[in-house]
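J.: Below is the structure I would like to discuss, written out as structure tokens.
The values are calculated or read from the model by the stated rules, or taken from the named source; none is laboratory data. Since the structure is predicted, the reported quantities are computational estimates derived from the model, not experimental observations. Methodologically, a virtual Cβ is constructed for each residue, glycine included, from the backbone with ideal geometry; neighbour enumeration extends over all protein chains shown.
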Amino acid sequence: MEFTHKGVELFAIASLAVEAIFALKVLCLACSYGQLIRQKVRNAAAALGRFASQPYISRRSTEEKIRFEEVCQLRVQMIPFYMGCCIVMSQLGLITGLSHVTLDGWVQPGGYWTSFALCVANMTYLFNPRVVSKATMNFWYVLHMAFGALFLAPWSITPAQTFNASLAVLALIRLPAILFATTPFLVVGCNLGVSALLLVRTMSETWAPPACDILQPALTLLCGEVLGLALTTCSAFALNGLLHHKVRRDTRHKNTTSQLVAASSLLSLTCDAVVELDADLRITKDSPQLATMLLRDRAGATVKGMMFTDLMPTEHEAERAYEILSGRSCTETAAGREEGIHANAFHTRLVDSCSSKFRTEVFQVAYSQVDGQVHHLIGLRDFTDQTALAGEKAVDAMEGCVSSMIDEFSWEPAEKADFRDRSGGDSSESEPGVQELSVDDSVFLYVDMQGLRVAAASLTVAHMSGKDLGELLSENGLKILQQIWEEATGEQEDLMYPLHQLKIHCSDGRYSKISGRVEVAKASTGEICLLLYFKPTPRILRSYCPSSEDPMPQGADTASENAPVVHHSL
């Protein structure tokens, strides 16, 4: 190879070395990511195929029609900005042509009239903006592309001006005008027409030889047109995809908002108060209902900005509630996973301004906002004298999960539903003296853990009063109560422990399972005692069936009189 200029031999060698390194690196990347590249190409081809196979708008589903209309509406919203730019640019072009028409003949005469016609067409929008609407967007796109083709026609510019003119048309008309086209295929068709015009010109016209021999003018024009066609087509598809993605995202956001409004309305029907918490579990808005629950409804008082966990009586309950609210122990549906929504329910206690504690059922809906911040929609329901709605589906936030022997708390009696179906004479119909008891009626036992006996009992289960715990409870049940009593003899005395499936021995030699709770209380003498609340089963009731003529058992009367005064919190 002979070089015409001195010193370029080193340049040629360096350039070949750089190109060889680049080719080697591209080959290595192709080998390393070949599977990924093939997958991306297949995905792009499949996406293009799905887009090309979309049915006409009249045959699309309702959801697709709505999305298409919303995308068109987004394009309409961008029309004023684009048309304003077109009016300004066409006026500048007309003024520039007017200043050159008497001097050096800037372009061919057809170019001046094309600029004049485009300026007049754009000014019609200035006097009547309704000429450009959702129904006429495609017409205006074709009109602008027609003016772009006229600018590149032989009657407007000479062959020497074609390359510069094609760049100007690409930047000022072909790329911005894709906002008008409702489908990318219209963009492809119109731009192919412009490319065909330039191809015809390069083949039919005589082009002046360039000042240097690097590139021929016709070849330069064709290369630039190929790049311009690719850029315009890709921009059209990208813009269409981005608009559809925005519509889908906005639709999901609207659906999420609707779901949260529905959840808030439902919580308002079933709960005493509904509040919203931020990511730090602070109340974001004032809630008169919550203020009423907490007896803080005086003038000027507000709960906004308070930590939700500060409303709980003990630190342990606050920590447990914080773990549940900020954790992932919640119900999560497939739609919820996609939208970032989680539902949950648990039980805890709140304390009012008078330091009175009351049992509260908490319903939680956690969701992620657009900015990624997690918020909580909380429904609060006081169920001190009622049955919990969540039942076994709730995550128990009560303190007292201190032993592995204590199962998860349940508010339903163990034999509520199936005691009639069990064999062995467990039906209450065999004993006419047994009175039916509502599942909402709870009884209590005052348990003296030092003497290991029942010191007092409700009238319904008065036959248990005075009995030894070893005789009444199973060995495992006695261990549970002993462990609760031992752990509650310290500083933390006002606690509540759930019990589930605790075995109670009956007079017929069998046992019955109960579910309820144990409250740790302090007697007037200062002694720590246990209050066992539960709902008695029919078998327990059959253990003591008083008739109308029988007096009350002496043990129950004596126990009731001798029982110390107990201060406890429900």
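J.: What residue, of ARG75, ARG59, is in the same structural domain as ALA171 (by TED's automatic domain parsing) and at pLDDT below 85? Give the derivation first.
T.: Working: ARG75 fails: at pLDDT below 85.
Answer to the check: ARG59.
J.: Could you list, in sequence order, all residues of segment 456-485 that are outside any helix (DSSP H, G or I) and among the polar types (S, T, N, Q)? Give the steps one after another, and end with the answer.
T.: The first filter runs over segment 456-485 and keeps only residues outside any helix (DSSP H, G or I), leaving 456-458, 465-468, 473-474.
Of everything in segment 456-485, those that are outside any helix (DSSP H, G or I) and among the polar types (S, T, N, Q) turn out to be SER458, SER465, SER474.
J.: Do the conditions hold for LEU231, that is, is it of a type outside the set (Phe, Trp, Tyr) and surrounded by fewer than 18 Cβ atoms within 10 Å (Cβ to Cβ)?
T.: Working: of a type outside the set (Phe, Trp, Tyr): yes; surrounded by fewer than 18 Cβ atoms within 10 Å (Cβ to Cβ): yes.
Spelling it out, LEU231 is indeed of a type outside the set (Phe, Trp, Tyr) and surrounded by fewer than 18 Cβ atoms within 10 Å (Cβ to Cβ).
J.: Please go through segment 297-309 and pick out each residue that is more than 27 Å from the chain's Cα centre (by Cα) and exposed (fewer than 13 other Cβ atoms within 10 Å of the Cβ). So that I can check it myself, show each step before the final result.
T.: So in segment 297-309, the residues more than 27 Å from the chain's Cα centre (by Cα) come out as 297-302.
Those that are more than 27 Å from the chain's Cα centre (by Cα) and exposed (fewer than 13 other Cβ atoms within 10 Å of the Cβ): ARG298, ALA299, GLY300.
J.: Next question, about the same structure. Would you mention how many residues in segment 526-543 are polar (S, T, N, Q) and at pLDDT below 80? Working first, answer last.
T.: Kept after step one, since they are polar (S, T, N, Q), are these residues of segment 526-543: 537, 543.
Add one more test, that the residue is at pLDDT below 80, and what stays is 543.
Total meeting the criteria: 1.
J.: Can you pull out every residue in segment 256-294 that is surrounded by 13 or more Cβ atoms within 10 Å (Cβ to Cβ) and under 13 Å from the mean Cα position of the chain (by Cα)?
T.: Within segment 256-294, THR256, GLN259, LEU260 qualify.
J.: Can you find a residue in segment 90-105 that is surrounded by 10 or more Cβ atoms within 10 Å (Cβ to Cβ), at pLDDT below 75 and not in a helix (DSSP H, G or I)?
T.: Within segment 90-105, one or more residues are surrounded by 10 or more Cβ atoms within 10 Å (Cβ to Cβ), at pLDDT below 75 and not in a helix (DSSP H, G or I).
J.: Scan segment 473-488 for residues that are buried (at least 20 other Cβ atoms within 10 Å of the Cβ) and touching a strand residue (DSSP E or B) at 6+ places or on another chain (Cβ under 6 Å) and jot them down.
T.: GLY477, ILE484, ALA488
J.: Working carefully through the options ARG130, ARG174, find the one that is closer than 14 Å to ALA236 by Cα and among the basic types (Lys, Arg). Let's see the steps before the verdict.
T.: Values: ARG130 fails: closer than 14 Å to ALA236 by Cα.
Result of the check over ARG130, ARG174: ARG174.
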